[in-house]
């Protein structure tokens, strides 16, 4: 392959790495063509991208972006799972896929510009995703407001009860 084509491929990888929130490097050795197609389809449905890359070109792209400690990721066949929206989601989905496709193994990853080991990638997969975290924040913010509303409602009900008792007392006199 001519050097210009390789340089263009490195530029494309650099652009994708810059845009990504999370990357997972996988070893797909032993997967059939059908399994690879199914894996890509599943990732695409979840808003992720899967690329099979040449190790040397991907390594050059990571070096140009200043991502260090990724040398061990570029041994053997390398596939990249790329997430552009939710950093944790890409690690969760990759972890799920390694369970479904036993021959697919996580080599490591990159989280917002920092290399993470396979063990760290597994730990990241356990974290709640962006949507789950937002739901937790909303729930935390709503709790005091709901308690205040309940307290005010109880005060109004008590006041109405007192007024009703006063009315009954006056009617009986």
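Just to be sure before I move on: is residue 127 modelled with pLDDT under 80 and closer than 19 Å to residue 20 by Cα in the structure I sent?
It is true that residue 127 is modelled with pLDDT under 80 and closer than 19 Å to residue 20 by Cα.
Results for (1) in the same structural domain as residue 32 (by TED's automatic domain parsing); (2) touching a strand residue (DSSP E or B) at 6+ places or on another chain (Cβ under 6 Å); (3) without any contact (Cβ under 8 Å) to a residue 12 or more places away in the chain; (4) under 30 Å from residue 32 (Cβ atoms), shown as yes or no for each residue.
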{"position": "49", "(1), (2), (3), (4)": "yes, yes, no, yes"}
{"position": "63", "(1), (2), (3), (4)": "yes, no, yes, no"}
{"position": "78", "(1), (2), (3), (4)": "yes, yes, no, yes"}
{"position": "116", "(1), (2), (3), (4)": "yes, yes, yes, yes"}
{"position": "144", "(1), (2), (3), (4)": "no, no, yes, no"}
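Any residue in the range 134-143 that is surrounded by 15 or more Cβ atoms within 10 Å (Cβ to Cβ) and more than 22 Å from residue 9 (Cα to Cα)?
no
Results for (1) modelled with pLDDT under 80; (2) surrounded by fewer than 10 Cβ atoms within 10 Å (Cβ to Cβ); (3) over 30 Å from residue 88 (Cα atoms), shown as yes or no for each residue.
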| position | (1), (2), (3) |
| --- | --- |
| 116 | no, no, no |
| 120 | no, no, no |
| 123 | no, no, no |
| 148 | yes, no, yes |
| 154 | no, no, yes |
| 158 | no, no, yes |
| 164 | no, no, yes |
| 171 | no, yes, yes |
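Go through the residues of the range 156-167 one by one and say whether even a single one is under 29 Å from residue 85 (Cβ atoms) and assigned to a helix (DSSP H, G or I).
No, the conditions are met nowhere in the range 156-167.
This table checks each residue for (1) more than 16 Å from the chain's Cα centre (by Cα); (2) at positive phi; (3) in contact (Cβ under 8 Å) with a residue 60 or more places away in the chain.
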{"residue": "86", "(1), (2), (3)": "no, no, yes"}
{"residue": "89", "(1), (2), (3)": "no, no, yes"}
{"residue": "92", "(1), (2), (3)": "no, no, no"}
{"residue": "100", "(1), (2), (3)": "yes, no, no"}
{"residue": "107", "(1), (2), (3)": "yes, no, yes"}
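The values are calculated or read from the model by the stated rules, or taken from the named source; none is laboratory data. Nothing here was measured: the structure is a model prediction, and the numbers come from that model. Glycine gets a Cβ as well: all are built from the backbone with ideal geometry, and neighbour counts include every protein chain shown.
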